[in-house]
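Worksheet: one structure, shown below.
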Amino acid sequence: DSFEWTIIVSFSSPETYIIGPTNQEILLPEPEHSPVYYTLISVDDHLVEPPDMFDGRLPAHLQDRAPRLVVNEHGHQVWNFDGQTFTQVGMNAVAGRKPEARSLEPTRLEDMRRGCFDVHERVKDMDIIGCWASLNFPSQITGFAGRIFSGCSDPDVGFATMRAWNDWMYEEWWQQYPDRFIPCGITWMADAQLGAAEIRRNAERGFHTVTLPERPHNIGLPSLFTGWWDPIIEACVETDTVISLHVGSSGMYPMPENAPALQLGATMFGQLSLNACAEWLWSGYAYRFPTLKIAMSEGGIGWVPMLIDRLENVVDRSGYGQGWDIRPADVLKRNFYFCTIDDPSTIDLYDVIGQDHIMVEVDYPHGDSTWTDTQEILKSAWGHLPNDVLRKLCSENAARLYRHPLPETVLPR
């Protein structure tokens, strides 16, 4: 047998997971390395939490209540936590799948490329497309912003699990390849003071960003306009921690009855980010804290020029936007950053948006991901841009925002 087998034993549960051989019915053969035209820092990728993520990381008296990966009656691997079952182990982890299988949700780890959950294989997958560094958001058992842990029925268990996730991210993901990953933490959202303390704890050991829910009121948390979030925002400003707001982290587009949910939901991703960005802007946090940095992750950039125009209009024409001593559009262009897969119809408006505030995403291993064709897609959509602009969009802006090192040579030269 030419396949390599890996056995993972989860010490917090009796199951043994055999990951492999590769599911040849679903996955494509190993791809070749693509030509590299640009040095890439992807500010939106995802990891799939491995079975042993929480093993030994909670206090002893809480360890048996940590999330556990189990096999259900259908043979699917699912997470159990806090009396709930989370059925999407893969959370759309479809990179490297055959085209006819890309729309199917993975139900077992062997249905995915190992790079989804194995850091060593992830770096190999990054090398295939010339991706120098990557920011990785959580997946299903965590929620994009850690909301599942913050909503645990036992706050002690939820808090310990949240910290365990951050400790794993630090030890088992980032520290394995510190130049190749931008450490992104989660925090506690059931108590703002404790949430602020976790941001400071992570910042002290080198985390440069935290992911928060983009529209917290949508998931039962206090609104941005209540003042409840002040301690968390102040901790981010104090530690220069970037707030990374992942689209969909507060729920998806509200579906009309009988609507095609997959198609409509995917189409309206940008609108979710537009709504969230407008709310964060008018919360006044960026106005009050000039050094606060907010990144809109996976929302694209097509809506940004429209938002800028609208903000100018509500000041100059309707008068609705008066009250600040700086124009709202200028606050947007100063404090907010935007990421895109390619946005070929909008990229030429980079100077309207701000050429220092646009970053690239690969979105590995999700269905929107450009992996393994990222370099060619960017060359096709962006190749006409000046080289200095390409360096900014593809890597330099992200390196500056997230305080991450660049390689000695940054392409294109």
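Below are the figures for this structure:
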{"quantity": "Carbon/sulfur fraction of accessible area - the chain, other protein chains in place, 1.4 Å, %", "calculated": "50 percent"}
{"quantity": "Fully extended contour minus Cα-Cα distance, from Val71 to Asp388, at 0.36 nm per residue", "calculated": "109.0 nm"}
{"quantity": "Where GluC sites (Glu not before Pro) fall in DSSP loop in the stretch 243-325, at most 11 other Cβ within 10 Å", "calculated": "Glu257"}
{"quantity": "Qualifying GluC sites (Glu not before Pro) in the stretch 63-150, DSSP loop, other Cβ atoms within 10 Å at most 11", "calculated": "Glu73"}
{"quantity": "Only Lys, Arg (+1) and Asp, Glu (-1) charged, at Cβ; the chain dipole about Cα centre in debye", "calculated": "800 debye"}
{"quantity": "Solvent-accessible area per residue, Å², over the stretch 277-357 with all protein chains present [probe radius 1.4 Å]", "calculated": "43 Å²"}
{"quantity": "Inverse mean reciprocal Cα-Cα distance (Kirkwood Rh) of the stretch 125-274, Å", "calculated": "16.4 Å"}
{"quantity": "Only Lys, Arg (+1) and Asp, Glu (-1) charged, at Cβ; the stretch 22-180 dipole about Cα centre in debye", "calculated": "220 debye"}
{"quantity": "Gain upon complete extension [Phe225, Ser153; 0.36 nm per residue less C-alpha separation]", "calculated": "23.3 nm"}
{"quantity": "Tyr170/Ser318 FRET efficiency (R0 45 Å; Cβ-Cβ; nearest 0.05)", "calculated": "0.40"}
{"quantity": "Under Karplus coefficients 6.51, -1.76 and 1.60, residue-wise ³J(HN,Hα) of the stretch 272-284 in Hz, glycine/proline x", "calculated": "4, 5, 4, 4, 5, 4, 4, 5, 5, 4, 7, 5, x"}
{"quantity": "Cβ-defined net charge surrounding Gly185, 12 Å radius [Lys, Arg +1; Asp, Glu -1]", "calculated": "+1"}
{"quantity": "Reachable lysines, given that their alpha-carbon falls under 23 Å from the alpha-carbon of Lys333 and they are not under 8 places away in the same chain", "calculated": "Lys293, Lys392"}
{"quantity": "For the stretch 293-308 versus the stretch 245-292, the gap between their alpha-carbon centres in whole angstrom", "calculated": "10 Å"}
{"quantity": "Under 5 Å, built H, 5+ apart or other chain: amide partners of Thr340", "calculated": "Met359, Val360, Glu361"}
{"quantity": "Estimated distance in nm for a label pair at Ala381 and Asp64, the labels positioned 7 Å out from Cα along Cα-to-Cβ", "calculated": "5.1 nm"}
{"quantity": "Calculated from backbone phi, Karplus (6.51, -1.76, 1.60) coupling profile of the stretch 250-266 in Hz, x at Gly/Pro", "calculated": "10, x, 9, 4, x, 7, x, 4, 6, 6, x, 4, 5, 5, 5, x, 5"}
{"quantity": "In the stretch 277-358, the trypsin sites (Lys or Arg not before Pro) that fall in loop regions by DSSP, at most 12 other Cβ within 10 Å", "calculated": "Arg317"}
{"quantity": "Calculated FRET value between Leu349 and Ala197, using beta carbons and R₀ = 41 Å, to 0.05", "calculated": "0.50"}
{"quantity": "Difference of contour (0.36 nm per residue) and Cα-Cα distance, Ala261 to Leu28", "calculated": "81.1 nm"}
{"quantity": "Charge sum, other residues only, whose C-beta stays under 13 Å from Thr409's C-beta, Lys/Arg counted +1 and Asp/Glu -1", "calculated": "0"}
{"quantity": "Local net charge near Phe144, Cβ-Cβ under 11 Å (Lys/Arg +1, Asp/Glu -1)", "calculated": "-2"}
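The values are calculated or read from the model by the stated rules, or taken from the named source; none is laboratory data. In this text, all values refer to a predicted model and were calculated from it rather than measured experimentally. Because the Cβ atoms are built from the backbone with ideal geometry, glycine has one as well, and the counts that use them run over all protein chains shown. Only protein heavy atoms, including side chains, enter the accessible area calculation; ligands, DNA and RNA are left aside. Shrake-Rupley method; radii C 1.70, N 1.55, O 1.52, S 1.80 Å.
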